[in-house]
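See below for the structure under consideration.
The values are calculated or read from the model by the stated rules, or taken from the named source; none is laboratory data. Nothing here was measured: the structure is a model prediction, and the numbers come from that model. No Cβ is skipped: glycine too gets one built from the backbone with ideal geometry, and neighbour counts run over all protein chains shown.
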Amino acid sequence: MESILVIRFSSLGDVVLATAVVEAVLDAFPACRITVLTKRMYDPVFAFDERIARVVGISGNESPWRIAERTGGRFDAVIDLHGSVRSVLVGSLIRARVKVRVNKHSVARRIMIWSRNRFRRRFDVLGSFLDTLKSLGIEGRMLPRIVPGRRALDDADTLLSPLRKPSGCLIGLAPGSRHPTKRWSAPSWVRLAERMFARGDVPVFIRDAQDAAFVEEIRGAMSLDIPSLADSSDLAATIGIMARLDGVVCNDSGPMHLAGALGTPFAALFGPTHPDLGFAPGYPYGAVLHAGLPCSPCSLHGQAPCRLGIRRCMDAITVETVERELDRVVRLKKHEADVRKR
């Protein structure tokens, strides 16, 4: 294989998962020229990996014909990890001897939700992505990996250095999520941040514009002035910051995958969604927390309101549990780093 096009337009978590396909292809064909097709806002996930020949960032209003033309229109293989009408049309307009599309198991996953988990099974989104490579003779499991930009790392060092303490960890708190139903409660975030500060850690908030109101609600309820680091940062800067943190606490959201693909320890909270839906690929320094209630998952992406009206799936995850599990993965990474130095 000399040239491969990998398509995944959105969302952030799925785009990060697509880096595992890039890893697997380059492991099998080191000289292969890979072009990644994604939304322009997600360019930084791939842009600083020198092994990737080209990233084509698209806008929301570009036609499939224009997109196909911008890719160059000819590859040895097209790997469609999106499986949407738009991605299928783009793929159909590109000349390639091999074309494969991800099986998202959409019907089976929806049956699980619609049946209220009577037909529960375990899905694996990352596994489905990697299965597309079997037609190229590539098998095995790779985990996502992001290469941060050098400038973003330097800027993050400049930003974070004044906040660090001689002892204690710098912990990013990412309370946001696309759907409010997937968020841990504001009082829980307040208590976690205050406990971390009291024991000598330095908590900082990571957010984007969509999360601004919720983060300010949390900060407004606190007796401490906890900084918010990503107020005006782009994705490249956020990646740089997260790469320099000692740990991250987040919901089932894009920041979980950013942390995992950067090797940053994290604790992620799942509630209306559930790891069984396949969005927890097994990052080595990740703790995936959920209450294990039979009513979870209750929607595919966490967008539906709680059928019971009480959100026990999120509220049952205690601050103490989050703190303990984050400590565990932070210690694990530190231990493994110490072993490698010996």
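What residue, of Ala261, Ala287, Ala291, Ala268, is over 15 Å from the mean Cα position of the chain (by Cα), small (Gly, Ala, Ser) and assigned by TED's automatic domain parsing to the domain that holds Leu173? Just one listed residue meets the conditions, Ala291. Close contacts from segment 266-277, counting a first residue that is modelled with pLDDT under 95 and a second that is of a type outside the set (D, E, K, R) and assigned to a strand (DSSP E or B), with Cβ to Cβ under 6 Å and a gap of 6+ residues or different chains, come to Pro275/Val288. In the condition set (1) buried (at least 17 other Cβ atoms within 10 Å of the Cβ); (2) without any contact (Cβ under 8 Å) to a residue 40 or more places away in the chain; (3) closer than 20 Å to Val319 by Cβ, Thr238 is compliant with all but (3). As a summary of the residue check, Leu289 satisfies the conditions (1) more than 23 Å from Asp155 (Cβ to Cβ); (2) in contact with a Gly (Cβ under 7 Å, 6 or more places away or on another chain) except for the one numbered (2). When the residues of segment 158-186 are narrowed to those that are under 19 Å from Thr321 (Cα atoms) and not in a loop (DSSP other than H, G, I, E, B), which ends up modelled with the lowest pLDDT? Looking at residues that are under 19 Å from Thr321 (Cα atoms) and not in a loop (DSSP other than H, G, I, E, B), I get Lys182. Taking Ser161 as the residue in question, decide whether it is in contact (Cβ under 8 Å) with a residue 12 or more places away in the chain and small (Gly, Ala, Ser). For Ser161, the condition - in contact (Cβ under 8 Å) with a residue 12 or more places away in the chain and small (Gly, Ala, Ser) - is not met. Among the candidates Leu192, Leu163, Leu159, the residue that is crowded, with 16+ Cβ neighbours inside 10 Å, under 30 Å from Asp49 (Cα atoms) and of a type in the set (A, V, I, L, M) is uniquely Leu159.
Take the residues of segment 74-111 that are of a type in the set (Ser, Thr, Tyr) and within 22 Å of the chain's Cα centre (by Cα): which is surrounded by the most Cβ atoms within 10 Å (Cβ to Cβ)?
Here is the first cut: in segment 74-111, the ones of a type in the set (Ser, Thr, Tyr) are 84, 87, 92, 106.
Still in the running and within 22 Å of the chain's Cα centre (by Cα): 84, 87, 106.
Numbers: Ser84: 14, Ser87: 21, Ser106: 10.
The selected residue is Ser87.
Restricting segment 26-43 to residues that are assigned to a helix (DSSP H, G or I) and surrounded by fewer than 23 Cβ atoms within 10 Å (Cβ to Cβ), the residue that is farthest from the chain's Cα centre (by Cα) is Ala28.
How many residues, within segment 287-331, are in contact with a strand residue (DSSP E or B) (Cβ under 6 Å, 6 or more places away or on another chain) and in contact (Cβ under 8 Å) with a residue 60 or more places away in the chain? It would help to see each step written out before you state the result.
If we filter segment 287-331 for residues that are in contact with a strand residue (DSSP E or B) (Cβ under 6 Å, 6 or more places away or on another chain), which is where we start, we get 287-289, 317, 322, 325-326, 329-330.
Subsequent filtering for residues that are in contact (Cβ under 8 Å) with a residue 60 or more places away in the chain retains 317, 322, 326, 329-330.
Qualifying residue count, segment 287-331: 5.
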